[in-house]
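Heads up, the thing below is written out as structure tokens.
The values are calculated or read from the model by the stated rules, or taken from the named source; none is laboratory data. On a predicted model such as this, the values are computed, not experimentally measured, just so you know. Backbone-built Cβ (ideal geometry, glycine too); neighbour counts: all protein chains shown. Protein only, heavy atoms only, side chains kept; ligands, DNA and RNA dropped before computing areas. Shrake-Rupley method; radii C 1.70, N 1.55, O 1.52, S 1.80 Å.
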Amino acid sequence: MNSQTKVAGVILAGGRARRMNNQDKGLVNFKGRPMVSYAIAALAPVVDGVFINANRNIDQYRQFGWPVISDQTDSFDGPLAGILTAMIHADADADADADVLVVIPCDSPLIKTKHLQKLLLTRAEHNADVAVAFDGTRLHPVFLAIKTALQTSLQEYLADGQRKVEVWLAQQNLVRVDFSNETEIFSNINTMTELSVLEETKRFS
């Protein structure tokens, strides 16, 4: 990766979390820590700055020490809306002014820094617009390293009323990043039952 490439990161914590009784997932504890704290720990070492994309509980998220940004609308338009917001802020923030954005969700606490480094390196090696995580069977489209130059394309896609991440990604110069040897890292928590199961796993460290 070119040492001159500036990289920002965004943690997507802007959803309604209906299946989790509308709790704010990033603030729900996993093994005694808010889930968003695991995302911060994984992301901060590989980026020049972190944004937390949240649409509620803004003050609580600010306590983690990074800028909190909300979607351009209040209609909870999904992950792409959060990604677009981060692109806009990264472009406007003189300290960020990032060429590449690393995207991760707030509810996958098994993701580590090394996995995000792999996304960044693979994107750079292939000179791709987007690197997306792949588990050998399917894409995980909210684990991305993506050029911020795609902001206009994403803005137009959302303006057309489109919301599906996979459909927009398929339109880009994309490289899949193979994580088929450690698929458990994509375990995400959508319900309290899933939270309990993942907390009990012996593979977590």
Within the stretch 39-54, residues open to solvent by 30 Å² or more (accessible area, probe 1.4 Å) and within 20 Å of VAL28 (Cβ to Cβ) come out as ALA41
Scanning for something modelled with pLDDT under 95, within 19 Å of ILE146 (Cα to Cα) and open to solvent by less than 60 Å² (accessible area, probe 1.4 Å), does the stretch 55-77 turn up at least one residue?
-> yes
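Would you point out the residue of the stretch 158-193, among those that are of a type in the set (Asp, Glu) and under 24 Å from THR85 (Cβ atoms), that is modelled with the lowest pLDDT? Give the derivation first.
In the first step, residues of the stretch 158-193 are kept if they are of a type in the set (Asp, Glu); the result is 160, 166, 178, 182, 184.
Narrowing the set further to residues that are under 24 Å from THR85 (Cβ atoms) leaves 160, 166.
Working: ASP160: 88, GLU166: 92.
Only one residue fits best here, namely ASP160.
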Which pairs have Cβ atoms under 8 Å, sit 6 or more apart or on different chains, and link a residue in the stretch 130-152 that is over 18 Å from PHE51 (Cβ atoms) to one that is at pLDDT below 95 and of a type in the set (Asp, Glu)?
-> LEU139/GLU166; PRO141/GLU166
Kindly indicate whether any position in the stretch 126-137 is of a type in the set (Phe, Trp, Tyr) and in contact with a His (Cβ under 9 Å, 6 or more places away or on another chain).
-> yes
Conditions (1) at pLDDT 95 or above; (2) under 14 Å from the mean Cα position of the chain (by Cα); number of the one not met by ALA124 = (2)
